[in-house]
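One structure below.
The values are calculated or read from the model by the stated rules, or taken from the named source; none is laboratory data. Predicted, not measured: the structure shown is a model, and the values here were computed from it. Positions of Cβ are backbone-derived with ideal geometry, glycine not excepted, and every protein chain shown enters the neighbour counts.
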Amino acid sequence: MESNMFCYQCQETAGCTGCTRVGVCGKQPDVAAMQDLLVWVTKGLAAVTTQLRQENVAVEETIDHLITLNLFTTITNANFDKEAIISKIEHTLTVKTALLSQVSAPAALPEAALWSQDRSQFAAKAAVIGVLSTKDEDIRSLRELITYGLKGLSAYSKHANVLLKNDPETDAFLQKALAATLDDSLTVQDLIQLVLETGKYGVSGMALLDEANTKAYGNPEITAVDIGVGTNPGILVSGHDLRDLEMLLEQTEGTGVDVYTHSEMLPAHYYPAFKKYAHFKGNYGNAWWKQKEEFESFNGPILMTTNCIVPPKDSYKHRLYTTGAAGFPGCTHIGGEIGEIKDFSDLITQAKQCPPPAEIERGQIIGGFAHAQVLALADQIVSAVQSGAIKKFVVMAGCDGRAKSRSYYTDFAKALPKDAVILTAGCAKYKYNKLNLGDINGIPRVLDAGQCNDSYSLAVIALKLKEVFGLDDINKLPIIYNIAWYEQKAVIVLLALLHLGVKNIHLGPTLPAFLSPNVAKVLTENFGIAQIRSVNEDIAMFFGE
(Lines give C-alpha, C1' and ligand atoms only; values in the text may rest on other atoms or scores of the structure.)
Protein backbone atom coordinates (compact mmCIF):
# COMPACT_ATOMS: atom_id res chain seq x y z
CA MET A 1 0.00 0.00 0.00
CA GLU A 2 1.32 3.40 -0.97
CA SER A 3 2.43 5.57 1.95
CA ASN A 4 1.59 9.23 1.44
CA MET A 5 2.12 10.31 5.05
CA PHE A 6 2.89 8.92 8.47
CA CYS A 7 1.16 10.07 11.64
CA TYR A 8 0.50 8.12 14.82
CA GLN A 9 0.10 10.83 17.43
CA CYS A 10 -3.54 10.09 18.34
CA GLN A 11 -5.35 7.04 19.71
CA GLU A 12 -7.46 6.53 16.60
CA THR A 13 -4.50 6.23 14.25
CA ALA A 14 -5.18 3.63 11.57
CA GLY A 15 -4.81 0.05 12.77
CA CYS A 16 -3.13 1.34 15.94
CA THR A 17 0.05 1.59 13.85
CA GLY A 18 -0.15 4.85 11.88
CA CYS A 19 -2.12 6.76 9.28
CA THR A 20 -0.32 6.40 5.95
CA ARG A 21 -2.80 7.45 3.26
CA VAL A 22 -5.04 9.96 4.98
CA GLY A 23 -5.59 10.76 8.63
CA VAL A 24 -8.50 9.14 10.46
CA CYS A 25 -9.07 12.71 11.68
CA GLY A 26 -9.48 13.86 8.07
CA LYS A 27 -5.99 15.34 7.72
CA GLN A 28 -4.76 15.13 4.13
CA PRO A 29 -1.18 14.07 3.27
CA ASP A 30 -0.12 17.53 2.10
CA VAL A 31 -1.36 19.06 5.36
CA ALA A 32 0.37 16.33 7.36
CA ALA A 33 3.61 17.12 5.53
CA MET A 34 3.39 20.81 6.35
CA GLN A 35 2.63 20.03 9.98
CA ASP A 36 5.73 17.82 10.08
CA LEU A 37 7.78 20.67 8.65
CA LEU A 38 6.30 23.20 11.07
CA VAL A 39 7.28 20.98 14.01
CA TRP A 40 10.79 20.51 12.57
CA VAL A 41 11.48 24.21 11.95
CA THR A 42 10.04 24.96 15.40
CA LYS A 43 12.51 22.48 16.87
CA GLY A 44 15.20 24.39 14.98
CA LEU A 45 14.01 27.68 16.45
CA ALA A 46 14.00 26.06 19.90
CA ALA A 47 17.61 24.99 19.38
CA VAL A 48 18.50 28.61 18.62
CA THR A 49 16.69 30.01 21.68
CA THR A 50 18.25 27.34 23.89
CA GLN A 51 21.71 28.26 22.63
CA LEU A 52 21.00 31.95 23.18
CA ARG A 53 19.99 31.29 26.79
CA GLN A 54 23.20 29.33 27.31
CA GLU A 55 25.05 32.40 26.05
CA ASN A 56 23.06 34.59 28.49
CA VAL A 57 21.15 36.32 25.71
CA ALA A 58 17.54 37.12 26.64
CA VAL A 59 14.75 35.57 24.56
CA GLU A 60 11.68 37.73 24.06
CA GLU A 61 8.31 36.52 25.37
CA THR A 62 6.85 36.79 21.88
CA ILE A 63 9.25 34.05 20.74
CA ASP A 64 8.05 31.79 23.55
CA HIS A 65 4.48 32.43 22.45
CA LEU A 66 5.33 31.69 18.81
CA ILE A 67 6.81 28.30 19.71
CA THR A 68 3.86 27.22 21.86
CA LEU A 69 1.35 28.35 19.21
CA ASN A 70 3.23 26.44 16.50
CA LEU A 71 3.12 23.22 18.51
CA PHE A 72 -0.52 23.77 19.46
CA THR A 73 -1.36 24.20 15.77
CA THR A 74 -0.16 20.64 15.07
CA ILE A 75 -2.23 18.94 17.79
CA THR A 76 -4.77 16.43 16.50
CA ASN A 77 -7.91 18.02 15.03
CA ALA A 78 -6.68 21.61 15.51
CA ASN A 79 -5.69 22.98 12.12
CA PHE A 80 -6.38 21.54 8.68
CA ASP A 81 -5.55 24.74 6.78
CA LYS A 82 -2.43 24.09 4.70
CA GLU A 83 -1.93 27.73 3.72
CA ALA A 84 -2.16 28.88 7.34
CA ILE A 85 0.44 26.29 8.34
CA ILE A 86 2.77 27.33 5.51
CA SER A 87 2.48 30.94 6.65
CA LYS A 88 3.53 29.85 10.15
CA ILE A 89 6.55 28.02 8.70
CA GLU A 90 7.59 31.12 6.78
CA HIS A 91 7.19 33.36 9.81
CA THR A 92 9.14 30.92 11.99
CA LEU A 93 12.01 30.84 9.47
CA THR A 94 12.10 34.64 9.37
CA VAL A 95 12.23 34.87 13.17
CA LYS A 96 14.87 32.13 13.37
CA THR A 97 17.09 33.80 10.78
CA ALA A 98 17.02 37.04 12.76
CA LEU A 99 17.90 35.25 16.01
CA LEU A 100 20.74 33.30 14.41
CA SER A 101 22.65 36.52 13.94
CA GLN A 102 22.86 36.77 17.74
CA VAL A 103 24.35 33.27 18.24
CA SER A 104 28.11 33.32 18.73
CA ALA A 105 28.72 29.79 17.37
CA PRO A 106 25.90 28.89 14.97
CA ALA A 107 27.87 26.11 13.26
CA ALA A 108 27.35 23.92 16.35
CA LEU A 109 23.57 24.03 15.90
CA PRO A 110 21.58 21.20 14.25
CA GLU A 111 20.42 21.35 10.65
CA ALA A 112 16.89 22.36 11.62
CA ALA A 113 18.29 25.52 13.22
CA LEU A 114 20.23 26.51 10.11
CA TRP A 115 17.86 25.47 7.33
CA SER A 116 15.99 28.25 5.54
CA GLN A 117 14.34 28.01 2.13
CA ASP A 118 11.31 29.44 0.40
CA ARG A 119 8.02 27.59 0.09
CA SER A 120 9.02 25.98 -3.19
CA GLN A 121 11.31 23.71 -1.15
CA PHE A 122 8.90 22.94 1.67
CA ALA A 123 7.36 19.73 0.27
CA ALA A 124 10.74 18.20 -0.56
CA LYS A 125 12.09 18.94 2.90
CA ALA A 126 8.95 17.69 4.64
CA ALA A 127 9.38 14.35 2.88
CA VAL A 128 12.68 13.63 4.65
CA ILE A 129 12.20 15.04 8.16
CA GLY A 130 9.03 13.31 9.35
CA VAL A 131 8.58 10.84 12.19
CA LEU A 132 10.15 7.92 10.32
CA SER A 133 13.36 9.83 9.62
CA THR A 134 14.54 8.57 13.03
CA LYS A 135 15.52 5.01 12.16
CA ASP A 136 16.05 3.53 15.64
CA GLU A 137 12.60 2.44 16.84
CA ASP A 138 13.21 3.14 20.54
CA ILE A 139 14.86 6.51 19.99
CA ARG A 140 12.01 7.44 17.66
CA SER A 141 9.44 6.33 20.21
CA LEU A 142 10.97 8.40 23.00
CA ARG A 143 11.46 11.44 20.79
CA GLU A 144 7.81 11.33 19.76
CA LEU A 145 6.63 10.74 23.33
CA ILE A 146 8.55 13.87 24.37
CA THR A 147 7.34 15.87 21.38
CA TYR A 148 3.70 14.93 21.96
CA GLY A 149 4.01 15.72 25.64
CA LEU A 150 5.43 19.12 24.72
CA LYS A 151 2.54 19.68 22.33
CA GLY A 152 0.18 19.10 25.24
CA LEU A 153 2.23 21.39 27.45
CA SER A 154 2.14 24.06 24.75
CA ALA A 155 -1.67 23.95 24.79
CA TYR A 156 -1.75 24.62 28.54
CA SER A 157 0.84 27.38 28.15
CA LYS A 158 -1.07 29.04 25.31
CA HIS A 159 -4.29 29.20 27.35
CA ALA A 160 -2.38 30.77 30.25
CA ASN A 161 -0.58 33.18 27.92
CA VAL A 162 -3.82 34.66 26.58
CA LEU A 163 -4.72 35.46 30.19
CA LEU A 164 -1.34 37.24 30.43
CA LYS A 165 0.26 34.54 32.58
CA ASN A 166 3.71 33.26 31.61
CA ASP A 167 6.30 30.98 33.16
CA PRO A 168 9.77 31.64 31.69
CA GLU A 169 11.22 28.53 33.33
CA THR A 170 8.62 26.26 31.73
CA ASP A 171 9.09 27.95 28.34
CA ALA A 172 12.87 27.51 28.58
CA PHE A 173 12.46 23.82 29.43
CA LEU A 174 9.95 23.25 26.64
CA GLN A 175 12.38 24.70 24.13
CA LYS A 176 15.38 22.83 25.53
CA ALA A 177 13.50 19.53 25.42
CA LEU A 178 12.18 20.22 21.93
CA ALA A 179 15.71 20.91 20.71
CA ALA A 180 16.94 17.74 22.44
CA THR A 181 14.78 15.61 20.14
CA LEU A 182 17.19 16.65 17.35
CA ASP A 183 20.27 15.53 19.27
CA ASP A 184 21.61 12.22 17.92
CA SER A 185 24.07 11.91 20.81
CA LEU A 186 21.33 11.30 23.36
CA THR A 187 20.86 7.68 24.44
CA VAL A 188 17.67 5.82 25.32
CA GLN A 189 18.41 6.44 29.01
CA ASP A 190 18.97 10.16 28.36
CA LEU A 191 15.62 10.38 26.61
CA ILE A 192 13.80 8.43 29.33
CA GLN A 193 15.04 10.98 31.85
CA LEU A 194 13.84 13.75 29.58
CA VAL A 195 10.42 12.09 29.38
CA LEU A 196 10.14 12.21 33.17
CA GLU A 197 11.37 15.80 33.28
CA THR A 198 8.69 16.68 30.73
CA GLY A 199 6.15 15.34 33.23
CA LYS A 200 7.59 17.60 35.92
CA TYR A 201 7.05 20.66 33.75
CA GLY A 202 3.66 19.31 32.76
CA VAL A 203 2.64 19.78 36.39
CA SER A 204 4.06 23.32 36.31
CA GLY A 205 2.20 24.13 33.11
CA MET A 206 -1.10 22.84 34.45
CA ALA A 207 -0.61 24.76 37.69
CA LEU A 208 0.04 27.96 35.73
CA LEU A 209 -3.15 27.54 33.72
CA ASP A 210 -5.16 26.74 36.84
CA GLU A 211 -3.88 29.95 38.43
CA ALA A 212 -4.62 31.96 35.29
CA ASN A 213 -8.17 30.64 34.96
CA THR A 214 -9.13 30.95 38.63
CA LYS A 215 -7.67 34.43 39.04
CA ALA A 216 -9.52 35.61 35.95
CA TYR A 217 -12.84 33.84 36.49
CA GLY A 218 -12.93 32.56 40.09
CA ASN A 219 -12.86 29.02 41.43
CA PRO A 220 -15.30 26.64 39.74
CA GLU A 221 -18.30 25.86 41.93
CA ILE A 222 -21.04 23.23 41.93
CA THR A 223 -23.34 24.18 39.06
CA ALA A 224 -26.36 22.70 37.32
CA VAL A 225 -26.00 23.34 33.58
CA ASP A 226 -29.10 23.39 31.39
CA ILE A 227 -28.88 21.15 28.31
CA GLY A 228 -32.06 22.39 26.67
CA VAL A 229 -32.48 25.40 24.37
CA GLY A 230 -34.11 28.81 24.40
CA THR A 231 -36.07 30.71 21.77
CA ASN A 232 -33.36 33.17 20.71
CA PRO A 233 -30.82 32.54 17.96
CA GLY A 234 -27.52 31.30 19.31
CA ILE A 235 -23.78 30.98 18.86
CA LEU A 236 -22.15 27.70 19.84
CA VAL A 237 -18.61 27.75 21.29
CA SER A 238 -16.41 24.67 21.30
CA GLY A 239 -12.82 24.01 22.30
CA HIS A 240 -11.05 25.14 25.46
CA ASP A 241 -10.16 28.84 25.37
CA LEU A 242 -12.02 30.69 28.14
CA ARG A 243 -10.69 34.09 27.06
CA ASP A 244 -12.30 33.67 23.64
CA LEU A 245 -15.59 32.80 25.33
CA GLU A 246 -15.33 35.84 27.59
CA MET A 247 -14.82 38.19 24.64
CA LEU A 248 -17.75 36.64 22.78
CA LEU A 249 -20.03 36.97 25.81
CA GLU A 250 -19.08 40.62 26.19
CA GLN A 251 -19.81 41.34 22.53
CA THR A 252 -23.13 39.45 22.40
CA GLU A 253 -24.57 41.02 25.54
CA GLY A 254 -27.79 42.88 24.70
CA THR A 255 -27.86 41.66 21.09
CA GLY A 256 -30.65 39.11 21.52
CA VAL A 257 -28.19 36.30 20.69
CA ASP A 258 -27.65 33.51 23.22
CA VAL A 259 -24.34 31.71 23.71
CA TYR A 260 -24.08 27.94 24.25
CA THR A 261 -21.13 25.69 24.97
CA HIS A 262 -20.26 22.42 23.25
CA SER A 263 -18.03 19.55 24.34
CA GLU A 264 -14.89 20.74 26.19
CA MET A 265 -16.33 24.22 26.76
CA LEU A 266 -19.08 22.88 29.06
CA PRO A 267 -17.05 23.57 32.26
CA ALA A 268 -17.05 27.31 31.53
CA HIS A 269 -20.47 27.30 33.21
CA TYR A 270 -18.81 26.37 36.50
CA TYR A 271 -16.82 29.61 36.76
CA PRO A 272 -18.50 32.40 38.78
CA ALA A 273 -17.41 35.18 36.39
CA PHE A 274 -19.46 33.81 33.51
CA LYS A 275 -22.67 33.51 35.52
CA LYS A 276 -23.34 37.24 35.26
CA TYR A 277 -24.21 36.84 31.59
CA ALA A 278 -27.93 36.15 31.36
CA HIS A 279 -27.57 35.13 27.71
CA PHE A 280 -25.03 32.39 28.57
CA LYS A 281 -27.69 29.80 28.01
CA GLY A 282 -26.33 26.30 28.60
CA ASN A 283 -24.58 23.36 26.96
CA TYR A 284 -25.64 21.94 23.61
CA GLY A 285 -24.78 18.39 22.69
CA ASN A 286 -22.07 16.01 23.68
CA ALA A 287 -18.41 15.20 22.95
CA TRP A 288 -16.52 16.69 20.00
CA TRP A 289 -16.94 13.71 17.66
CA LYS A 290 -20.72 14.12 17.48
CA GLN A 291 -20.44 17.62 16.07
CA LYS A 292 -21.53 16.81 12.50
CA GLU A 293 -25.05 16.02 13.67
CA GLU A 294 -25.14 18.55 16.51
CA PHE A 295 -23.69 21.48 14.56
CA GLU A 296 -26.28 20.80 11.87
CA SER A 297 -29.19 21.01 14.29
CA PHE A 298 -27.79 23.97 16.22
CA ASN A 299 -28.66 26.21 13.23
CA GLY A 300 -26.44 29.15 14.26
CA PRO A 301 -22.72 29.99 13.95
CA ILE A 302 -20.12 27.82 15.67
CA LEU A 303 -16.82 29.13 17.03
CA MET A 304 -13.96 26.62 17.29
CA THR A 305 -11.48 28.07 19.76
CA THR A 306 -8.98 25.18 19.77
CA ASN A 307 -8.66 21.59 18.58
CA CYS A 308 -11.50 19.07 18.22
CA ILE A 309 -12.54 20.03 14.68
CA VAL A 310 -14.20 17.32 12.62
CA PRO A 311 -14.07 18.25 8.90
CA PRO A 312 -17.41 20.05 8.51
CA LYS A 313 -20.28 19.18 6.22
CA ASP A 314 -20.96 21.65 3.43
CA SER A 315 -24.40 22.29 4.91
CA TYR A 316 -22.95 24.16 7.91
CA LYS A 317 -19.39 24.93 6.82
CA HIS A 318 -20.37 28.55 6.13
CA ARG A 319 -21.39 28.80 9.82
CA LEU A 320 -18.10 27.42 11.21
CA TYR A 321 -15.51 29.94 12.40
CA THR A 322 -12.05 29.28 13.81
CA THR A 323 -9.70 31.27 15.99
CA GLY A 324 -6.35 30.84 17.78
CA ALA A 325 -4.52 27.64 16.81
CA ALA A 326 -7.57 26.23 15.02
CA GLY A 327 -8.15 26.44 11.30
CA PHE A 328 -10.00 24.80 8.44
CA PRO A 329 -9.84 25.77 4.74
CA GLY A 330 -12.93 27.65 3.62
CA CYS A 331 -13.94 28.64 7.13
CA THR A 332 -13.54 32.22 8.36
CA HIS A 333 -10.65 32.64 10.80
CA ILE A 334 -10.95 35.29 13.50
CA GLY A 335 -7.52 36.78 14.16
CA GLY A 336 -6.17 38.43 17.27
CA GLU A 337 -2.88 38.38 19.13
CA ILE A 338 -2.39 37.93 22.87
CA GLY A 339 -3.78 40.98 24.65
CA GLU A 340 -5.90 42.08 21.68
CA ILE A 341 -9.70 42.13 21.57
CA LYS A 342 -11.01 39.81 18.86
CA ASP A 343 -13.83 41.01 16.64
CA PHE A 344 -16.74 38.54 16.64
CA SER A 345 -19.17 40.84 14.82
CA ASP A 346 -19.43 38.51 11.80
CA LEU A 347 -20.69 35.68 13.99
CA ILE A 348 -23.19 37.94 15.74
CA THR A 349 -24.54 39.32 12.46
CA GLN A 350 -24.93 35.83 11.03
CA ALA A 351 -26.53 34.51 14.23
CA LYS A 352 -29.28 37.12 14.05
CA GLN A 353 -30.27 35.73 10.64
CA CYS A 354 -30.43 32.11 11.84
CA PRO A 355 -33.27 30.23 13.52
CA PRO A 356 -32.86 29.20 17.18
CA PRO A 357 -31.18 25.88 17.95
CA ALA A 358 -33.28 22.75 17.54
CA GLU A 359 -33.79 20.99 20.85
CA ILE A 360 -31.99 17.64 21.05
CA GLU A 361 -32.38 16.92 24.78
CA ARG A 362 -33.63 18.35 28.06
CA GLY A 363 -32.37 18.33 31.59
CA GLN A 364 -29.28 19.37 33.51
CA ILE A 365 -25.70 18.27 34.08
CA ILE A 366 -24.06 18.81 37.48
CA GLY A 367 -20.39 19.78 37.55
CA GLY A 368 -17.91 22.18 39.04
CA PHE A 369 -15.90 19.82 41.25
CA ALA A 370 -12.48 21.36 40.70
CA HIS A 371 -9.98 21.20 43.54
CA ALA A 372 -11.19 24.24 45.53
CA GLN A 373 -14.78 22.96 45.54
CA VAL A 374 -13.81 19.38 46.40
CA LEU A 375 -11.49 20.53 49.18
CA ALA A 376 -14.35 22.62 50.57
CA LEU A 377 -16.20 19.31 50.89
CA ALA A 378 -13.13 17.54 52.33
CA ASP A 379 -14.65 16.86 55.75
CA GLN A 380 -17.74 15.33 54.18
CA ILE A 381 -15.66 13.22 51.79
CA VAL A 382 -13.20 12.06 54.46
CA SER A 383 -16.11 11.11 56.72
CA ALA A 384 -17.66 9.06 53.92
CA VAL A 385 -14.36 7.27 53.32
CA GLN A 386 -13.78 6.60 57.02
CA SER A 387 -17.29 5.26 57.48
CA GLY A 388 -16.89 2.96 54.47
CA ALA A 389 -19.65 4.70 52.50
CA ILE A 390 -17.03 5.51 49.85
CA LYS A 391 -14.64 2.61 49.23
CA LYS A 392 -12.85 3.77 46.09
CA PHE A 393 -12.36 6.79 43.87
CA VAL A 394 -11.96 6.04 40.18
CA VAL A 395 -10.16 8.59 38.01
CA MET A 396 -11.86 8.29 34.62
CA ALA A 397 -10.43 11.42 33.06
CA GLY A 398 -9.19 12.01 29.54
CA CYS A 399 -10.77 12.05 26.12
CA ASP A 400 -13.74 10.73 24.23
CA GLY A 401 -13.72 9.54 20.64
CA ARG A 402 -15.81 7.89 17.99
CA ALA A 403 -14.35 4.35 18.26
CA LYS A 404 -16.97 1.77 19.28
CA SER A 405 -14.48 0.33 21.77
CA ARG A 406 -14.97 3.47 23.88
CA SER A 407 -18.37 2.16 24.97
CA TYR A 408 -16.19 0.33 27.50
CA TYR A 409 -16.17 3.50 29.63
CA THR A 410 -19.96 3.72 29.73
CA ASP A 411 -20.22 0.06 30.64
CA PHE A 412 -17.43 0.36 33.23
CA ALA A 413 -19.17 3.31 34.90
CA LYS A 414 -22.43 1.36 35.04
CA ALA A 415 -20.65 -1.69 36.49
CA LEU A 416 -18.85 0.17 39.26
CA PRO A 417 -19.80 -0.80 42.82
CA LYS A 418 -22.26 1.64 44.36
CA ASP A 419 -19.63 2.75 46.89
CA ALA A 420 -17.27 4.04 44.17
CA VAL A 421 -17.04 7.69 43.10
CA ILE A 422 -15.78 8.80 39.67
CA LEU A 423 -13.33 11.71 39.44
CA THR A 424 -13.23 13.09 35.91
CA ALA A 425 -12.00 15.92 33.71
CA GLY A 426 -12.02 16.20 29.93
CA CYS A 427 -14.54 15.05 27.38
CA ALA A 428 -14.27 11.41 28.53
CA LYS A 429 -17.09 12.33 30.91
CA TYR A 430 -19.59 12.34 28.06
CA LYS A 431 -19.49 8.53 28.19
CA TYR A 432 -21.24 8.57 31.58
CA ASN A 433 -22.12 12.08 32.81
CA LYS A 434 -25.74 11.72 31.75
CA LEU A 435 -26.21 8.38 33.48
CA ASN A 436 -28.20 8.38 36.70
CA LEU A 437 -25.47 7.06 39.00
CA GLY A 438 -26.87 8.73 42.11
CA ASP A 439 -24.90 9.96 45.11
CA ILE A 440 -23.29 8.78 48.35
CA ASN A 441 -24.39 10.73 51.42
CA GLY A 442 -25.12 13.70 49.17
CA ILE A 443 -21.83 13.44 47.26
CA PRO A 444 -22.50 12.87 43.53
CA ARG A 445 -20.92 9.70 42.18
CA VAL A 446 -19.54 11.67 39.23
CA LEU A 447 -17.33 14.59 40.31
CA ASP A 448 -16.51 16.58 37.18
CA ALA A 449 -13.49 18.88 37.61
CA GLY A 450 -13.88 20.38 34.14
CA GLN A 451 -11.90 20.37 30.90
CA CYS A 452 -8.84 18.27 30.17
CA ASN A 453 -7.16 21.60 30.98
CA ASP A 454 -8.43 21.09 34.54
CA SER A 455 -6.77 17.70 35.05
CA TYR A 456 -4.48 19.49 37.50
CA SER A 457 -7.42 19.52 39.91
CA LEU A 458 -7.39 15.73 40.07
CA ALA A 459 -3.71 15.77 41.07
CA VAL A 460 -4.33 18.43 43.73
CA ILE A 461 -7.25 16.44 45.14
CA ALA A 462 -5.16 13.25 45.31
CA LEU A 463 -2.24 15.02 47.01
CA LYS A 464 -4.59 16.65 49.53
CA LEU A 465 -6.23 13.32 50.36
CA LYS A 466 -2.76 11.82 50.82
CA GLU A 467 -2.04 14.57 53.34
CA VAL A 468 -5.38 14.27 55.11
CA PHE A 469 -5.04 10.52 55.56
CA GLY A 470 -1.40 10.85 56.65
CA LEU A 471 -0.05 8.58 53.93
CA ASP A 472 3.55 8.48 52.75
CA ASP A 473 2.72 7.27 49.24
CA ILE A 474 0.08 8.58 46.85
CA ASN A 475 -0.45 5.01 45.65
CA LYS A 476 -1.80 4.00 49.08
CA LEU A 477 -4.90 6.10 48.49
CA PRO A 478 -8.13 4.29 47.55
CA ILE A 479 -7.84 5.71 44.02
CA ILE A 480 -7.90 3.77 40.76
CA TYR A 481 -6.71 5.34 37.49
CA ASN A 482 -8.59 4.15 34.41
CA ILE A 483 -7.98 6.85 31.83
CA ALA A 484 -9.18 7.23 28.24
CA TRP A 485 -6.73 9.02 25.97
CA TYR A 486 -7.03 10.49 22.51
CA GLU A 487 -4.51 13.25 21.78
CA GLN A 488 -1.46 15.05 23.04
CA LYS A 489 -2.91 16.88 26.03
CA ALA A 490 -3.68 13.45 27.46
CA VAL A 491 -0.01 12.57 26.94
CA ILE A 492 1.22 15.46 29.10
CA VAL A 493 -1.36 14.60 31.77
CA LEU A 494 -0.04 11.02 31.82
CA LEU A 495 3.57 12.22 32.10
CA ALA A 496 2.57 14.64 34.88
CA LEU A 497 0.96 11.81 36.85
CA LEU A 498 4.09 9.70 36.44
CA HIS A 499 6.18 12.59 37.76
CA LEU A 500 3.91 12.77 40.82
CA GLY A 501 4.62 9.12 41.49
CA VAL A 502 1.27 7.68 40.44
CA LYS A 503 1.55 4.03 39.41
CA ASN A 504 -0.69 1.36 37.87
CA ILE A 505 -2.48 3.70 35.47
CA HIS A 506 -4.65 1.86 32.99
CA LEU A 507 -5.03 3.41 29.53
CA GLY A 508 -7.47 2.75 26.75
CA PRO A 509 -8.92 1.88 24.46
CA THR A 510 -5.37 1.05 23.27
CA LEU A 511 -1.86 1.87 24.33
CA PRO A 512 -0.28 4.60 22.18
CA ALA A 513 1.00 3.38 18.82
CA PHE A 514 4.10 5.51 19.28
CA LEU A 515 5.29 3.39 22.21
CA SER A 516 7.79 0.86 20.89
CA PRO A 517 7.72 -2.56 22.59
CA ASN A 518 10.85 -1.68 24.57
CA VAL A 519 9.54 1.73 25.69
CA ALA A 520 6.18 0.20 26.61
CA LYS A 521 8.07 -2.41 28.64
CA VAL A 522 9.93 0.32 30.57
CA LEU A 523 6.63 2.05 31.40
CA THR A 524 5.05 -1.23 32.42
CA GLU A 525 7.90 -2.43 34.61
CA ASN A 526 8.65 0.92 36.28
CA PHE A 527 5.19 2.48 36.53
CA GLY A 528 2.68 -0.32 36.05
CA ILE A 529 1.18 1.23 32.92
CA ALA A 530 -1.32 -1.23 31.45
CA GLN A 531 -4.02 -1.39 28.79
CA ILE A 532 -7.68 -1.87 29.63
CA ARG A 533 -9.22 -5.30 29.07
CA SER A 534 -12.90 -6.23 29.30
CA VAL A 535 -15.17 -4.48 31.77
CA ASN A 536 -15.69 -7.67 33.77
CA GLU A 537 -11.97 -8.40 33.95
CA ASP A 538 -11.10 -4.86 35.01
CA ILE A 539 -13.87 -4.62 37.62
CA ALA A 540 -12.62 -7.91 39.09
CA MET A 541 -9.01 -6.70 39.09
CA PHE A 542 -9.73 -3.27 40.58
CA PHE A 543 -12.36 -4.33 43.11
CA GLY A 544 -11.75 -8.03 43.63
CA GLU A 545 -15.21 -8.93 42.46
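Please find, among LEU507, LEU511, LEU495, the residue that is assigned to a helix (DSSP H, G or I) and surrounded by 13 or more Cβ atoms within 10 Å (Cβ to Cβ).
Result: LEU495 is the single residue among LEU507, LEU511, LEU495 that is assigned to a helix (DSSP H, G or I) and surrounded by 13 or more Cβ atoms within 10 Å (Cβ to Cβ).
Mind checking which residues of region 166-179 are in a helix (DSSP H, G or I) and of a type outside the set (Val, Ile, Thr)? Please lay out each step first, then the result.
Here is the first cut: in region 166-179, the ones in a helix (DSSP H, G or I) are 168-179.
Scanning region 166-179 gives PRO168, GLU169, ASP171, ALA172, PHE173, LEU174, GLN175, LYS176, ALA177, LEU178, ALA179.
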Exercise for review: Only residues in region 470-485 that are assigned by TED's automatic domain parsing to the domain that holds GLY401 and under 12 Å from ASN504 (Cα atoms) count as the first member; pair them with residues that are of a type in the set (Phe, Trp, Tyr) and not in a loop (DSSP other than H, G, I, E, B), Cβ under 9 angstrom, at least 6 apart or cross-chain, and list the lot.
Suggested key: ILE479/PHE393; ILE480/PHE393; ILE480/PHE542; ILE480/PHE543; ASN482/TYR409; ASN482/PHE412; ASN482/PHE542
Check your understanding: Pick from LEU132, LEU163, LEU182, LEU194: which is of a type in the set (A, V, I, L, M, F, W, C), farther than 23 Å from ALA325 by Cα and outside any helix (DSSP H, G or I)?
Key -> LEU182
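For region 31-51, indicate whether the set of residues that are free of Cβ contacts under 8 Å to residues at least 24 places away in the same chain and assigned by TED's automatic domain parsing to the domain that holds LEU178 is non-empty.
no
Which residues, taken from region 428-461, are on the phi > 0 side of the Ramachandran plot and of a type in the set (Lys, Arg)?
Hits for region 428-461: nothing passes.
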Exercise for review: Could you please tell me which pairs satisfy a Cβ distance under 6 Å, a separation of 6+ or placement on different chains, a first residue in region 126-145 that is under 15 Å from VAL195 (Cβ atoms) and touching a residue at least 24 places away in the same chain (Cβ under 8 Å), and a second residue that is surrounded by fewer than 19 Cβ atoms within 10 Å (Cβ to Cβ) and among the aliphatic types (A, V, I, L, M)?
Suggested key: ASP138/VAL188
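Condition check ((1) outside the structural domain of HIS240 (by TED's automatic domain parsing); (2) aliphatic (A, V, I, L, M); (3) over 24 Å from SER120 (Cβ atoms); (4) touching a Phe, Trp or Tyr at 6+ places or on another chain (Cβ under 7 Å)) across all residues:
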{"site": "ASN4", "(1), (2), (3), (4)": "yes, no, no, no"}
{"site": "TYR8", "(1), (2), (3), (4)": "yes, no, yes, yes"}
{"site": "GLY18", "(1), (2), (3), (4)": "yes, no, yes, yes"}
{"site": "LYS27", "(1), (2), (3), (4)": "yes, no, no, yes"}
{"site": "ARG53", "(1), (2), (3), (4)": "yes, no, yes, no"}
{"site": "LEU69", "(1), (2), (3), (4)": "yes, yes, yes, no"}
{"site": "THR74", "(1), (2), (3), (4)": "yes, no, no, no"}
Exercise for review: Would you check which residues across region 296-334 are within 23 Å of SER87 (Cα to Cα) and outside any loop (DSSP other than H, G, I, E, B) and list them?
Suggested key: LEU303, MET304, LYS317, LEU320, TYR321, THR322, THR323, GLY327, THR332, HIS333, ILE334
Point to revise | Residue count, region 82-108 (criterion: surrounded by 12 or more Cβ atoms within 10 Å (Cβ to Cβ), among the aliphatic types (A, V, I, L, M) and out of contact with any Lys or Arg (no Cβ under 7 Å at 6 or more places or on another chain)) | key: 8
